[in-house]
Amino acid sequence: MTQNIDAILAAARHHCNETIRPEVERWNQHRQWPRHASDKAAALGLTGLYAPAEWGGQALPLGEGIRVYEELGKGDGAYAFALSMHNICTYAVCGFGTDALKNAWARDLTTGRKLANFSLTEPQSGSDAATMYTQARINGDGYWVISGAKAWVSLAGEADIYLTVVKTSDAPGHKDMAMIAIPKGAKGLSFGPRYDTPSYNFLPVGEMYLDNVMVPPENIILPIGKGLQGSLMAIDIARVSIAAGCCGLMEAALDMALSYTKNRRMFGAAALDLDGIQWMLGEVSTDLEASRLLYRAAANALGTLDGPLLAAHAKRFVPDAAVKAANICTQAMGGMGLLSSYGMDRLSRLAQMLRIVDGTTEVSRVVIGRALKKRAASLPDVEVPRGFGQT
Ligand SMILES: Cc1cc2nc3c(=O)[nH]c(=O)nc-3n(C[C@H](O)[C@H](O)[C@H](O)COP(=O)(O)OP(=O)(O)OC[C@H]3O[C@@H](n4cnc5c(N)ncnc54)[C@H](O)[C@@H]3O)c2cc1C
């Protein structure tokens, strides 16, 4: 049964307080995806946020559903990221999948019985996604036979289905790209050792190898020619989701710093009574308010012409603000901010990871720069004096 956004946000808050926060340190020590936790998230309706009700989803508009990651991000940004990726893939299967694919997978995905990953990045192609080379050829029976390697695959080996971007010819560029769903059990699919990350150890991330993996044509998500374009639309949703998760992270860092500094005595008063400490934390608080407004505006613009640019603004601004927030809040706690038990180091590492995943801060700057050039072209010319280097 579908729930309204207030009920879903309350469920996400409950999941954060009852499951993520108390358990995340243990998850990191065990270095294993907490499937029991994502099962609990599923039972609360958090694994089918945007999927239609007929497939068991919550049918929330993107602008509303994305707020869930702010709640989950208060617990852990990497966990929020993984669930956001699953939700976007589930949305893609329900929205673009063939009837056969939907019948086989949609309900299992919306109910979280199965988890999904999106695989675009390759060892030689991260920001420059158009230089990927994993290739599919279509055999005489219409089956897709895929060979290549993907890198930085989140939930590697843990997800049950991988929405994989492939090329379908040797031609350079993206005009031959498609996206196809590959089940974990497909013959020829294997995973490398997981990357040794400094934190968020419960999230398995690693390489995925495809050696003549054969997939039926009904597994197509995006047809030839639409693979990159469709992926970029998915990445816009992911960018705003990351910004939402970063707001949760900033709030967690700020609350920890406030809880500590109100009790730490120095110079005859609480640390929080010092103007300097208030100014530091006040700056974090302003950044958090600005970040929230920005990601929510970007979320509401998804699917419109303004969507990609606002998503780039959100992905550029908010993770940077989160890195700054984690550093300032650590500093405000002095030496204690460095101890693992307060969790500030974990937040710093998560914030840095969130600057990179789903398109780096610099790539967002490139998108913003292109929009500025377009705007400049529409503005009246202002004369550059002779000898000052005209274009
Ligand atoms: C924890 C984690 C999980 C991930 N999960 C997935 C996943 O599930 N699926 C998936 O497909 N990918 C995933 N990724 C990959 C992620 O999207 C890439 O790491 C990201 O796109 C950057 O690519 P890269 O790491 O190859 O960096 P590079 O592309 O090598 O970039 C190196 C540096 O150059 C900068 N740069 C790039 N272009 C420009 C430019 N034009 N001007 C100036 N500077 C520039 C970058 O910002 C960066 O600082 C994950 C990454 C991480 C860290």
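Once the Cα-Cα distance is subtracted from the 0.36 nm per residue extended length, the residue 130 to residue 278 segment shows a gain of 48.6 nm. Electrostatic tally near residue 49: other residues with Cβ closer than 11 Å to its Cβ, Lys and Arg +1, Asp and Glu -1, net 0. Using only Cα atoms, tell me the angle between helix 344-356 and the longest principal axis of the chain; keep it within 0 to 90° and round to the nearest 10. Long axis of 344-356 versus the principal axis of the chain: about 40 degrees. Can you classify the range 294-362 as rounded, prolate or oblate using the Cα gyration tensor, where a ≥ b ≥ c are the square roots of its eigenvalues, rounded means a/c under 1.5, and otherwise it's prolate if a/b beats b/c and oblate if not? Since a/c reaches 1.5 and a/b is larger than b/c, the shape of the range 294-362 is classed as prolate. Any idea what the relative contact order of the chain is, in percent, if you count C-alpha pairs under 8 Å spaced at least 6 apart? Reported as a whole number, the value is 16 percent. Taking the empirical scaling 2.2 N^0.38 Å for compact globular proteins as reference, the range 214-371 has a Cα radius of gyration ratio of 1.28.
Hull volume per residue, based on the alpha-carbon atoms of the range 117-224 and their convex hull, is 95 Å³. Divide the volume of the convex hull around the Cα atoms of the range 1-130 by the residue count and you get 126 Å³ per residue.
Using a ≥ b ≥ c from the Cα gyration tensor of the chain (square roots of the eigenvalues), is it rounded, prolate or oblate, where a/c under 1.5 gives rounded and otherwise the larger of a/b and b/c decides, a/b for prolate? Note, shape of the chain comes out oblate. Here's the picture: a label point sits 7 Å out from the Cα of residue 297 along the beta-carbon direction, and within the range 341-365 the residues with their amide nitrogen under 19 Å of it are 364-365. The C-alpha radius of gyration of the range 247-287, expressed as a fraction of 2.2 N^0.38 Å, stands at 1.16. Fewest-first ordering of 264, 355 by other beta carbons within 10 Å of each residue's beta carbon gives 264, 355.
Positive-end ranking of 274, 369, 238 along the dipole of the chain, with charges on Cβ about the Cα centre, is headed by 369.
Taking a ≥ b ≥ c as the square roots of the eigenvalues of the Cα gyration tensor, an a/c ratio of 1.5 or more together with a/b larger than b/c marks the range 1-65 as prolate.
When Rg and the Kirkwood Rh are both derived from Cα coordinates, the Rg/Rh ratio for the range 253-341 amounts to 1.14.
For residue 115, the residues 5 or more places off, or on other chains, whose built amide H falls under 5 Å of its own are 160, 161.
Dimensions of the range 214-281 from C-alpha coordinates, computed as largest minus smallest value along each principal axis and given longest first, are 72, 21, 13 Å. If I take every Cα pair under 8 Å that is 6 or more residues apart in the range 229-376, average their sequence separation and divide by the length, what percent do I get for the relative contact order? That works out to 31 percent.
Within the listed set 316, 194, 265, the Gaussian network model of the chain (springs between alpha-carbon atoms below 10 Å) gives the highest mean-square fluctuation for 265.
Hey, with R₀ at 25 Å, roughly what FRET efficiency would residue 289 and residue 13 work out to, going by the Cβ-Cβ distance, to 0.05?
Here the calculated transfer efficiency is 0.85.
The amide H of residue 122, built 1.01 Å from its N in the peptide plane, has 151 as neighbours under 5 Å, considering only residues 5 or more places off or on other chains.
Across all directions, the average projected area of the convex hull around the alpha carbons of the range 144-279 is 11.8 nm². In order along the range 324-341, the Karplus-derived 3J(HN,Hα) couplings, from 6.51 cos²θ - 1.76 cosθ + 1.60 at θ = phi - 60°, round to 4, 4, 5, 5, 5, 5, 4, 4, 5, 8, x, x, 4, x, 8, 6, 4, 4 Hz, and Gly and Pro are given as x.
Of 276, 337, 73, the residue with the greatest mean-square motion in the GNM of the chain, using alpha carbon springs below 10 Å, is 276.
Any read-out appearing in this document is the output of simple, stated calculations on the displayed coordinates, not a laboratory observation. Only a predicted model underlies this, so the values are computations on that prediction, with no experimental measurement involved. Neighbour counts are summed over all protein chains in view; Cβ atoms, including those assigned to glycine, are modelled from backbone coordinates with ideal geometry.
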